[in-house]
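Each reported figure results from applying straightforward, stated rules to the coordinates on display, with no laboratory input. This structure is a prediction, so every number in the text was calculated from the model and none was measured. Reconstructed Cβ throughout: ideal geometry from the backbone, glycine too, with neighbour counts over all protein chains shown.
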Amino acid sequence: MSAQITELQQFKQAIDPDNLLPLWERKVKLVPGSDCVPAHWPYQLVKPLLERSVELISKKDADRRVLVMENPALRGTSFIAQSLFAGQQIILPGEIAPSHRHTPNAFRFIVEGEGAYTSIDGIQMMMRPGDFIVTPNWAWHDHGNIGQEAVVWMDGLDTPFTSLFGAHFRENYPQDTYPVKHVSHEPDEHSQVFLYPFEKMAHDLKQLQGTSMDPAMAYKLRYTDPHTEQDPLKTVSAFMQLLPKGFIGKSYRSTENTVLNNFRGSCTIEVDGVRYELQEHDVFVVPSWKTYRFESGEDTFIFSFTDRAAQQTLGFWVEEYLS
């Protein structure tokens, strides 16, 4: 061992107590991708567990009766990817999820059941399967079920961002519900910045059939704020896509972390050579820079949300179509 190497090792040991590390010995990953792994949550597994949770804990005791989907590589964090949170929530007839607000941006994607509403800063909106509903950060929001059946939705939040910056604040409203200023039974001018109905997105996607398809994604539309034509949330992008019957997609990858909810129909997703069969309401996460592709034997609608909005704002986002 040369004298220079010995001195370098001694130098490293000498500066370690001062919390210093030589940059030339860094272990930070300098290539795309993350430590997260692809993961699949079949709805036929999750739904009975949600129903079991109803028997074990009340809405009042739970605040929100949610089963959090943690990435297998991030156990203990409550995150489905390093930049995203996802959970499945169930609310029974007559129940109310009390009003609160927090710094993370949030949204709901309605999985099944009707009769539930969400109220955002006093705008109360009915929620139907396939609807996408955004809750901007620091907006008062509560939920209730005035219907006759249980309602399930997927919650998505950008909680990892607030955790990264140490800026997670939360406040409960003094009463269970925030004062209602307007009730929207159907989408209207009061609810349009929060509520994005499935019917409209499905109609727009079907209108695209017969036109040129994206080789990897088939027909895919991005949710945008009707006033700004930008993503409704500053950190999260959301999409609905239609895979037509017989679609065989090309391989694709991007730096965004992607959470899929297979809303209607069934398909196959292949990630790094491993195939997964997605049935209705299954959730799947594709981590950053993983190669994946779709196949569909029937018309299939897939909702997805990603951290693309934040990455594009920061100039990080990259995509690649592969052969």
Global geometry of segment 39-321, whether rounded, prolate or oblate, following the gyration tensor of its Cα atoms and the 1.5 cut on a/c: rounded
Note, ³J(HN,Hα) from phi for segment 300-317, Karplus 6.51, -1.76, 1.60, rounded to Hz, x at Gly and Pro: 9, 9, 10, 8, 8, 9, 9, 9, 4, 4, 5, 5, 5, 4, 8, x, 9, 5
Charge dipole of the chain about the Cα centre (unit charges at C-beta), most positive-ward option of G265, G297, T224: G297
In sequence order, calculated HN-Hα J values of segment 117-122 (Karplus, 6.51, -1.76, 1.60; Hz; x Gly/Pro): 10, 10, 10, 10, 6, x
Within a Gaussian network of the chain (alpha carbon springs, distance under 10 Å), most fluctuating of L67, L84, L208: L208
Cα-centre dipole for the chain with unit charges at Cβ (Lys and Arg positive, Asp and Glu negative), debye to 20: 480 debye
Mean Cα-pair separation over length for segment 39-321, i.e. relative contact order, pairs under 8 Å, 6 or more apart, %: 17 percent
Choice from F294, F303, F11 showing the highest fluctuation, given a GNM over the chain with Cα pairs closer than 10 Å: F11
Under-5 Å amide H pairs with F247, H placed in peptide plane, nonlocal only: S296
Exposure proxy ranking, count of Cβ atoms within 10 Å, fewest first, for R64, R52: R52, R64
Net length gained if the chain between H185 and A14 were fully extended (0.36 nm per residue, minus Cα distance): 54.7 nm
Within a Gaussian network of the chain (alpha carbon springs, distance under 10 Å), most fluctuating of L21, L221, L50: L21
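Once you have the Cα-Cα distance between V31 and F316, take 0.36 nm times their residue separation minus that, and quote the gain in nm to one decimal.
Additional length available on full extension: 101.3 nm.
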Set K200/K234; K59/K290; K47/K234 screened for pairs whose C-alpha atoms are more than 27 Å apart: K59/K290; K47/K234
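Can you tell me the order of 26-33, 308-315, 102-109 when each peptide is scored by its average per-residue count of other Cβ atoms within 10 angstrom, highest first?
Descending mean neighbour count gives 102-109, 308-315, 26-33.
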Projected label distance in nm at T6 and L164, using a 7 Å step from Cα toward the beta-carbon: 4.5 nm
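Taking the Cβ of each residue in V271, V183, V259 as the centre, tally the other Cβ atoms inside 10 Å and list the residues starting with the fewest.
Ascending number of Cβ neighbours within 10 Å: V183, V271, V259.
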